[in-house]
1. With the requirement that a residue be at positive phi and buried (at least 22 other Cβ atoms within 10 Å of the Cβ), what does the range 613-667 give you?
2. Can you name the residue in the range 257-285 that is at pLDDT 85 or above and not hydrophobic (A, V, I, L, M, F, W, C) and is also surrounded by the most Cβ atoms within 10 Å (Cβ to Cβ) among such residues?
3. Do the conditions hold for residue 81, that is, is it in contact with a helix residue (DSSP H, G or I) (Cβ under 7 Å, 6 or more places away or on another chain) and part of a helix (DSSP H, G or I)?
4. Can you tell me how many residues within the range 677-712 are in a helix (DSSP H, G or I) and either within 18 Å of residue 479 (Cβ to Cβ) or modelled with pLDDT of 75 or more (or both)?
5. Exactly one of (1) over 51 Å from the mean Cα position of the chain (by Cα); (2) at pLDDT 90 or above is unmet by residue 510. Its number?
6. Out of (1) touching a Lys or Arg at 6+ places or on another chain (Cβ under 9 Å); (2) surrounded by 17 or more Cβ atoms within 10 Å (Cβ to Cβ), what's the single condition that is false for residue 585?
7. So, residue 82, is that one within 20 Å of residue 339 (Cβ to Cβ), buried (at least 17 other Cβ atoms within 10 Å of the Cβ), more than 31 Å from the chain's Cα centre (by Cα) and touching a residue at least 12 places away in the same chain (Cβ under 8 Å) or not?
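The values are calculated or read from the model by the stated rules, or taken from the named source; none is laboratory data. Note that the structure is predicted; figures quoted are calculated from it, not measured. Note that we place each Cβ from the backbone using ideal geometry, even for glycine, and neighbour counts take in every protein chain shown.
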Amino acid sequence: MPLLPRRFHPLKRQPWWPRPGNGFELGELLDQADASAPLVERHIWLIRLLDWIRRGEPVSGTQNVVRLLLQEPARRDKVVALLAAFWRDMDVAALLADYGFSPRSSFLNELGERLRRRALPLSPDTADLAVLFNLLFDDADDASWLQELDDITLDGIAQLWSQAMAVQPAGNGAVGDHAALGWREPFYDAMLYLATQVRAAGFSPAFRSRVGMRVDVDFDADDGPAETGSTDGSARQAFRQLARVIERMHELALAHARGEARGEASSAPWPAALLHEAQYLRVLLDHCAEAARGLHGHLEVHGISVDLVFQIDQLCERCQRLAQLLDVVLSDQPAKAMRQLIVDLARTGQRRRSVRALFTQHYALLARKVAERSAETGEHYITRDKAEYIDMLQRAAGGGAVLAGTTFLKFVMLALGLSPFWAGTAAGLNYAVSFVIVQWLHLTVATKQPAMTAPAMAAKLADTRNDAAIESFVDEVAHLIRSQTAGIVGNLIVVAPLVLAAQMLAWWTLGKPLIGEHTAQYVLKSLSLLGPTAWYAAFTGVLLFVSSLIAGWVENWFVLHRLDSAMRWNPAIRAWLGPERAARWAGWWRANISGLAANVSLGMLLGLVPVIAGFMALPLDVRHVTLSTGQLAAALGTLGPEALHQPAFWWCVAALPVTGLLNVGVSFALALLVAIRSRNVRFTDRARLRAAVWRRVRHQPLSFLLPPRSTS
């Protein structure tokens, strides 16, 4: 039958492919093995053979193929010749050295590569075994059934493979000499490629400027590792020695293979010198990987770079791959070692197809650092005793006073009749300036608290298996809810009376309110609980959470690029500001960069996102509980006591607690989710946390609303 591509998409089989027992027999497929066929047709034959194996039970299917080939010499000779041609024409080292690794040391490049592989089909017309491997082992269950192959089947496969290696055409010169190593030759090539890549990564500017090159082993190029005291530059020596050791191993293995070919067999499978070099290589790999992993501690202190985290992971994985290849070439049971290597490569291929896995792996550390940066700020928003509770009420009252002015400025900007974009920009600047003033005066806006306090709570989850730690977390929940209550109450009890007082003053001095009746009626219509207010309030909670992420990211970026140090020590800045003022400015920016980023980003998000959403016809707007309360009070001041008899007014009043709950709840839930995931809290532990919180609610409900009594 003609050789046809088995699928249109590289990761999905087509339902029309013939099944065993339905006019498509194994013998017929094996008879089509043709070593003289073009390269692409030989590859398609291999793909079809693996498809046949998967159609039933893969382990028994593999056993049937091996048994049939061992029993029928004619078919075996065809398949062996095809495997020999396959090994001869393919770049095997590309699979061993490159498969599963990004060709570029950039997170975004790897993301683009994974998206491309998911969207575009692969061609079997290739001499790169790393590309073909994706087509041969593309099923999610391949690693499982390969792992379950029994020893007899593995021995049969090894026998077929040995015959294929035996019919390899002899080369001449250096190629002929290297052919003495047989199937191990590309393994040594791959080990050298990997060592070169590890060395290049270890000596890259990002690593050199951060890694502390200190370990407790000194490396000598001739004698191997020697235990010493802590020696500067020894890790650098480890990176430098990798390729040299592999080259020496290759020379020793070649000499041993030539000796065996001349009949000079030794009692040991490998010479002692080769095994010594192999042990030396393992020590080098351990120290290279340890030096790379040590960068995580540097990043924890000095800021996270996603690209650098990606490079660290790639370097460590290359060290692991190199060690695995070393195990294969020196194994006295290469069939089992080779099977494990193929299983690991199949699993690597499955992981590399997942875009989600890439984000989960490389953003976990960044999420934790952003959460920790927010946690540092969030500690200031949590009250734990009566004095702090009263202080929170006072600071929230001050924040409400500032937002009362923000409310009227918003009406002024709407009255200017600007185009939507400029109206949104003006509103965003109004909000941003107000939030910054609140920060500088050390006041509080209640809805900004949850996204900051959630990471501080998650910091209590370092040991979720400890009952004391869980109780500490529940205490933080009670403190947080109490703090949120104080913040919202403090905001609202000031913003509403101040706005009403301003309206009354306008009536008395100007003879008219600060906003017109048409605007007041629009406020009653837009803030009503009968409309989309709840949806908009939840969306505002998302924006509050996003602003906290932006704050954490900006502070991480500030620390990563050492801008505080630059402000303090840059000669031009010191000459302009003077040494003392430069030092003060550096300290001020380091202490306030997160808050400024949070406030400015939140203000601009509240102002511009509704405009952008409206341009795209998306049903999105913002509802902030404090600002909504101020607007409603302004509408009441315009409409007068008669508004109290309108159902529309009371529907707006009913919407305020819903708005506050959704503002706070959504932003807090999202922030807590990120913080919990950044600390890898398990589902079972999350259930224990929920149970502990509900137990506290049942037994001490007032602890979530009132501060604890002073023990002094």
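1. Answer for the range 613-667, where residues must be at positive phi and buried (at least 22 other Cβ atoms within 10 Å of the Cβ): there is none.
2. 277
3. Working: in contact with a helix residue (DSSP H, G or I) (Cβ under 7 Å, 6 or more places away or on another chain): no; part of a helix (DSSP H, G or I): yes.
Judged against the criteria, residue 81 is not a match.
4. Here the count works out to 17.
5. The single condition residue 510 does not satisfy is (2).
6. Among (1) touching a Lys or Arg at 6+ places or on another chain (Cβ under 9 Å); (2) surrounded by 17 or more Cβ atoms within 10 Å (Cβ to Cβ), the lone unmet condition for residue 585 is (2).
7. So residue 82 fails the test.
Matching residues to (1) closer than 19 Å to residue 349 by Cβ; (2) at pLDDT 90 or above:
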| position | (1), (2) |
| --- | --- |
| 95 | yes, yes |
| 103 | yes, no |
| 106 | no, no |
| 113 | yes, no |
| 119 | yes, no |
| 135 | yes, no |
